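Q: Questions regarding the structure given below will be posed in turn.
The values are calculated or read from the model by the stated rules, or taken from the named source; none is laboratory data. Only a predicted model underlies this, so the values are computations on that prediction, with no experimental measurement involved. Reconstructed Cβ throughout: ideal geometry from the backbone, glycine too, with neighbour counts over all protein chains shown.
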Amino acid sequence: MKPFIIHPSPTSHRDAKTLEQRRFKAGKLFTKKIRQAEVARRLNVSPTAVHYWYIMWKKKGKDGLRCNQPGPKPQLTEKKLMKVKQALREGPIAAGYDTNLWTLLRIADTIRKKTRISYGTSQVWYLLQSLGWTSQKPETRYRDRNETAIKRWKKESWPRIQKKGQKSMPA
């Protein structure tokens, strides 16, 4: 499983009301006769999306821009999502795991414990991506590593070795 370092995104793009408000802003720009390409740039969306919104706005006005997402509402509400984010920020050890490493299985288990909602690992992956979190490869190090000895070696031995290497090299 992939480990994760949590990088929350500044805003959530999952909220239907947020999406609807963005479309309403587009509608206001359409009434001002601002070009679709400019609307797309200002709202940071694709020109294709703006074109679709424009067609719906022309046909039905503001009602054409209302949120009508198909399918059931997401089970993971904003309140429950905040619980999950908090648990992930606290880390795997605080969640009861032996190592300080998040995996998709561990995150799915944490979501189930905190919210009573079951997610598969692929759903967890999509959720994390929608939140702007990224997969990171953990840095592995020898458990009995002696940092003091390494620093001393880098300071004393390495410059001596490096100097000999430079002298033996042809100029």
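Q: Just to verify a result, which residue in the range 136-161, among those that are part of a helix (DSSP H, G or I) and of a type in the set (F, W, Y), is modelled with the lowest pLDDT?
A: W158
Q: Consider only pairs whose beta carbons are under 9 Å apart and that are at least six residues apart or on different chains; among these, list those whose first residue lies in the range 138-152 and is touching a residue at least 12 places away in the same chain (Cβ under 8 Å) and whose second residue is surrounded by 10 or more Cβ atoms within 10 Å (Cβ to Cβ) and part of a loop (DSSP other than H, G, I, E, B).
A: So the pair list comes out as P138/P3; P138/N100; P138/L101.
Q: Step by step: first the residues of the range 20-57, then only those that are surrounded by 13 or more Cβ atoms within 10 Å (Cβ to Cβ) and small (G, A, S), then the one that is farthest from N68 (Cα to Cα). Which residue is that?
A: A40
Q: Would you point out the residue of the range 125-137, among those that are out of contact with any strand residue (DSSP E or B) (no Cβ under 9 Å at 6 or more places or on another chain) and in contact (Cβ under 8 Å) with a residue 40 or more places away in the chain, that is surrounded by the most Cβ atoms within 10 Å (Cβ to Cβ)?
A: For the range 125-137, the residue satisfying everything is L127.
So that you can scan it fast, the table gives a plain yes or no per residue for (1) under 29 Å from S135 (Cβ atoms); (2) touching a helix residue (DSSP H, G or I) at 6+ places or on another chain (Cβ under 9 Å):
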| residue | (1), (2) |
| --- | --- |
| T48 | yes, yes |
| H51 | no, yes |
| K58 | no, yes |
| G61 | no, yes |
| Q86 | yes, yes |
| E90 | yes, no |
| A95 | yes, yes |
| T99 | yes, no |
| T103 | yes, yes |
